[in-house]
Amino acid sequence: MKPVLSLAAALLALAGAAAHAQAPQGISKNEIVLGSIQDLSGPIAGFGKQVRQGMLLRVDELNEQGGIHGRKIKLLIEDSAYDPKKAVLAAQKLVNQDKIFAMVAHIGTPTNNAAMPVQFEKNVINFFPVTAAREMTEPVHKLKFAGGSSYYDQMRVALPRLIKDKGVQKVCTIYQDDEFGLEVFRGAEAGLKALNMDFAEKTTYKRGATDFSSQVARMKAAGCELVVLGTIIRETIGTIAEGRKTGFNPVYLGSSATYTDLIHKLGKKAMDGLYATHTVQHPYMDEVSPKIAFWAKKYQTKFGDDPTVFSVYGYSAIDTFIQAAQKAGPNLTTDSFIKAMESMTFPPDMFGSAELTFSSTKRAGSNMTRMSQLQDERWKPVTDYVKPQ
């Protein structure tokens, strides 16, 4: 009998070892370790701070309620300063040293593109990055999940509509000379081609630039009537302010990267008239529902700030992760999480998002886009959700 018992014990030991070997990193009996990379010290640190705070609020709510099947979330955040090289180092730390289960709400197109190979080598999901670049979902990869409409779809939907509404003939663009700016440019280019039009002028700037006088002069000389902005915070403000100063006042259209309270807080009245695409509404406190008002009060109490649309991005990314992890069940693995994401329908949330669905070949939850305009230093919706044709 002893050899049989020894064989049985050996088989059990092997099974246990195999199970242990297959357990995903970042998952223990009592904890799920998530990572995020934010710009906390660079040109979009204003966004990074807001995303971070939104994430932390939802993590704290969950942990106070007992977690997901008994597991609390531990959220680790690294600073990239919006620099792809620093993003790679941050990803290496989070993935290889901290052993995160998933990367959540990582901000920035060039930084995500730099970090994803580090994650995918260790089977770490890239979940709801705070960028709308198509690379977040294309080519399709089992470890990619993104929430809203891409910059490309945003522009190809919004630009033709604005051209027709305003009756403009000359369309120009200024965009950041990297993957982010190119995505906005390509979407706008596709929108123009649908109308058998082309750009009258194209100009770029380097990431981190502060002077836009030469770019504005070129667009003014070309007689541009509408300018597509592949810009973020200070570049948007700098371009429009330079235009106002020189008497150049075209229609301006930005992507969801320009849809932020920081534009009108920093740029003031001069920013009025700017159009921007977006996927959820900015939570202005005197316009929100009682449910959002309650949420906002918690946010204000915790951080001493009013929440913004970027706070919503962070909060919603964690909230969606929680829903899928709960559906995946007590035996949470990368595969069970992916299966849950592909089988669920996420209804519109309290912030006015579109419904989200995913499949093995569809990694963007929605391709619906809205458009708002700055009026009296406040974003006002001018369209409902529109789907690309």
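The values are calculated or read from the model by the stated rules, or taken from the named source; none is laboratory data. As the structure is a computational prediction, the values presented were derived from the model and not from experiment. Virtual Cβ from ideal backbone geometry, glycine too; neighbours counted across all protein chains shown. Ligands, DNA and RNA are excluded from the accessible area calculation, which covers all protein heavy atoms including side chains. Shrake-Rupley method; radii C 1.70, N 1.55, O 1.52, S 1.80 Å.
Looking only at the range 179-197, count how many residues are open to solvent by 10 Å² or more (accessible area, probe 1.4 Å) and either of a type in the set (A, V, I, L, M, F, W, C) or within 25 Å of the chain's Cα centre (by Cα) (or both).
The initial filter retains those residues of the range 179-197 that are open to solvent by 10 Å² or more (accessible area, probe 1.4 Å), namely 179, 182, 185-186, 189-190, 193-197.
Going one step further and asking which of them are either of a type in the set (A, V, I, L, M, F, W, C) or within 25 Å of the chain's Cα centre (by Cα) (or both), we end up with 179, 182, 185-186, 189-190, 194-195, 197.
The number of residues fulfilling the criteria is 9.
Taking Ala217 and the conditions (1) outside any loop (DSSP other than H, G, I, E, B); (2) crowded, with 17+ Cβ neighbours inside 10 Å, which numbered condition does it fall short on, given that it satisfies the others?
(2)
Of the residues Ala200, Ala114, Ala209, which single one is within 16 Å of the chain's Cα centre (by Cα) and among the hydrophobic types (A, V, I, L, M, F, W, C)?
Answer to the selection: Ala114.
Looking at (1) in contact (Cβ under 8 Å) with a residue 24 or more places away in the chain; (2) closer than 17 Å to Asn126 by Cα; (3) open to solvent by 10 Å² or more (accessible area, probe 1.4 Å), which is the one condition that is false for Lys93?
Failing condition for Lys93: (1).
Return the total of residues in the range 35-55 being more than 15 Å from the chain's Cα centre (by Cα) and open to solvent by 40 Å² or more (accessible area, probe 1.4 Å).
Summing the residues that are more than 15 Å from the chain's Cα centre (by Cα) and open to solvent by 40 Å² or more (accessible area, probe 1.4 Å) in the range 35-55 gives 2.
Tally up the residues in the range 338-388 that are of a type in the set (Ser, Thr, Tyr), open to solvent by 30 Å² or more (accessible area, probe 1.4 Å) and closer than 18 Å to Ser256 by Cα, please.
Number satisfying all stated conditions: 1.
Pairs please, first residue from the range 354-380 and without any contact (Cβ under 8 Å) to a residue 24 or more places away in the chain and part of a strand (DSSP E or B), second anywhere and open to solvent by 50 Å² or more (accessible area, probe 1.4 Å) and of a type outside the set (D, E, K, R), Cβ atoms under 6 Å, 6+ apart in sequence or on different chains.
Sorted first by the residue in the range 354-380, then by its partner, the pairs are Thr357/Thr345.
As an exercise: evaluate Ala200 against (1) open to solvent by 10 Å² or more (accessible area, probe 1.4 Å); (2) touching a Cys at 6+ places or on another chain (Cβ under 6 Å); (3) hydrophobic (A, V, I, L, M, F, W, C); (4) touching a residue at least 40 places away in the same chain (Cβ under 8 Å) and give the number of the one condition it does not meet.
Only one criterion is unmet by Ala200, namely (4).
Output the number of the condition that Asp198 fails; it satisfies all remaining conditions of (1) in contact with a helix residue (DSSP H, G or I) (Cβ under 8 Å, 6 or more places away or on another chain); (2) assigned to a loop (DSSP other than H, G, I, E, B); (3) farther than 26 Å from Val157 by Cβ.
Going through (1) in contact with a helix residue (DSSP H, G or I) (Cβ under 8 Å, 6 or more places away or on another chain); (2) assigned to a loop (DSSP other than H, G, I, E, B); (3) farther than 26 Å from Val157 by Cβ one by one, Asp198 breaks only (3).
Kindly provide the set of residues from the range 284-337 that are outside any helix (DSSP H, G or I) and surrounded by 22 or more Cβ atoms within 10 Å (Cβ to Cβ), ordered by number.
Pro307, Thr308, Leu332, listed by residue number.
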